[in-house]
1. Suppose we filter the stretch 207-248 for residues that are over 20 Å from Val275 (Cα atoms) and at pLDDT below 95; how many remain?
2. Here are the criteria: (1) surrounded by fewer than 22 Cβ atoms within 10 Å (Cβ to Cβ); (2) touching a residue at least 40 places away in the same chain (Cβ under 8 Å). Tell me which single one Gly85 does not satisfy.
3. Give the residue that is surrounded by the most Cβ atoms within 10 Å (Cβ to Cβ), with candidates limited to residues of the stretch 53-77 that are assigned to a loop (DSSP other than H, G, I, E, B) and in contact with a His (Cβ under 9 Å, 6 or more places away or on another chain).
4. Among the residues of the stretch 16-52, how many are in a loop (DSSP other than H, G, I, E, B) and aliphatic (A, V, I, L, M)?
5. So how many residues does the stretch 134-188 have that are in a loop (DSSP other than H, G, I, E, B), touching a residue at least 60 places away in the same chain (Cβ under 8 Å) and small (Gly, Ala, Ser)?
6. Which of the residues belonging to the stretch 89-104 are touching a residue at least 60 places away in the same chain (Cβ under 8 Å) and either more than 15 Å from Gly39 (Cα to Cα) or not β-branched (Val, Ile, Thr) (or both)?
7. Restrict the check to the stretch 43-51 and report whether at least one residue is at pLDDT 85 or above and surrounded by fewer than 16 Cβ atoms within 10 Å (Cβ to Cβ).
8. From the set of residues in the stretch 167-190 that are of a type in the set (A, V, I, L, M) and over 22 Å from Phe94 (Cα atoms), which is surrounded by the most Cβ atoms within 10 Å (Cβ to Cβ)?
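The values are calculated or read from the model by the stated rules, or taken from the named source; none is laboratory data. Remember, it's a predicted structure, so these values are computed and weren't measured experimentally. So basically every Cβ, Gly included, is an ideal-geometry build from the backbone, and we count neighbours across all protein chains shown.
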Amino acid sequence: MAYNYQAYGLRFRSDMWLPELPEVESASEEPVDVFLRLGRLSSDLKLARGYGYQANPDEFLLNCPDIARYLVSNGNEIVIEPLHGSIDSDVRVFLLGSAFGALLHQRQLLVMHASVINTPRGAVLFSGPSGAGKSTLLGEMMRRGYRMMVDDVCGVVLDSHNLPMVVPGYPRTRLWADSAAKLDVSTVGLPRTRQMLDKYECQLPDQFHDSTVPMHQIYLLANSTNTELKIEGLPAIHKFEAVLQNTYRNSFLDGLELRQPHFSMASHVARQVPVNRAIRPSAGFRLTEFADMIENHFSCNSGDLDSNASFRSGTNG
C-alpha cells in the first residue's frame with residue numbers, strides 16, 4: 001500500500017505509514033516530488049565518509065545503528081532499510097530528522113535548526129542548539145494563538161525576487177516532560193518520541209499554517225548568568241555567521257558538495273532578515289516573561305530597525 005503526504009511544499013509517496021505528515025488524496029494530479037521506499041541497501045556504497053554517514057553530490061547514506069539505514073538520492077528518493085528488531089517510531093524519528101534534512105539540502109533549500117510560527121508580519125524563527133527551548137517557546141506562542149509552521153527542521157527558499165520564504169513542514173511538535181508541564185500539556189496518552197526518552201509527540205493539525213510565508217525575524221535563543229531578559233540585534237558582520245552556525249546538520253554539506261550554494265542562500269537571509277539574540281537567565285526559563293518580550297519585539301519591529309538596537313523586557317525598543 002502506498003501513502004501520499006504533503007510537507008515542505010513537496011508531495012511524498014511512501015511505502016511507510018507516517019502519521020506525523022498530512023495525508024493528501026491519492027487521486028490528485030499533482031506529480032510526486034519524493035518517493036519514500038522500503039528496501040535493502042548495498043553495504044559497499046563508494047561514498048565519502050563522515051560521522052554516522054557517507055555522502056557524495058548525488059547520494060547520502062545515513063547509518064543509525066540498531067534502527068535503520070537511509071539512502072537519500074538526488075533530492076527525490078529515500079530508501080529506508082529498517083534493521084532487525086527496530087521500532088517503527090524510532091525509524092520515523094531519524095527519517096523525519098536527519099534524512100529529511102539531507103533531502104532538503106540536496107534540493108538546495110537553506111535548512112535551519114529552528115521552530116517557526118506565522119505572524120501578521122511574517123514567519124518568526126526560534127533557533128539554537130538542542131535544549132535551547134525552541135519547542136517550549138513554540139508551544140507558548142501557540143497558546144497565544146499563533147500557528148506553527150515548523151518544529152526543528154526548517155526549510156527556506158528564495159522567491160522570484162530573492163526574498164527568503166519559510167516553507168511549512170508538518171504539524172508535529174515534540175516536548176520533553178518538563179516543557180509539557182510548563183505549558184500545562186498533559187502527556188497522558190501521548191506517544192513517546194523514543195521509548196527510552198521522556199519526550200512526547202504532539203500532533204497539532206488545527207494549529208498549523210500550511211502555506212509559504214516571508215521570513216520576518218530570527219531569534220537565537222541564549223542564556224546568561226544575569227537576571228535580565230534582553231534582545232540584542234546582531235550587527236550585519238555577525239548575522240551571516242549566525243545563520244551558518246544554526247544550519248541544520250551543517251556537516252552534511254561538505255560531503256554533498258553544497259557548501260557554495262549554501263553560503264549564497266545564507267548570505268541572502270543575513271542581508272534581508274533581522275537576526276537577534278534573545279537572552280534569558282540560565283537560572284530559570286521565565287517562560288511567560290520571555291515570550292512577552294519576544295512577542296512585543298516582533299510585533300513592534302518592522303524589520304528595518306538598527307541591527308545594533310537593544311530591547312529589554314518591559315520596553316518597546
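1. So the answer is 3.
2. Failed condition: (2).
3. In this case the residue turns out to be Gly75.
4. Step one: list which residues in the stretch 16-52 are in a loop (DSSP other than H, G, I, E, B), which gives 16-22, 24-33, 39-47, 51-52.
Cutting the leftovers down to aliphatic (A, V, I, L, M) gives us 16, 18, 21, 24, 27, 32, 41, 45, 47.
Qualifying residue count for the region: 9.
5. Adding up the residues that qualify gives 1.
6. Step one: list which residues in the stretch 89-104 are touching a residue at least 60 places away in the same chain (Cβ under 8 Å), which gives 89-93, 95-96, 98, 100-104.
Listed by number, the residues that qualify are Ser89, Asp90, Arg92, Val93, Leu95, Leu96, Ser98, Phe100, Gly101, Ala102, Leu103, Leu104.
7. Checked against the condition, which is being at pLDDT 85 or above and surrounded by fewer than 16 Cβ atoms within 10 Å (Cβ to Cβ), the stretch 43-51 yields no hits at all.
8. The extreme case among them is Ala180.
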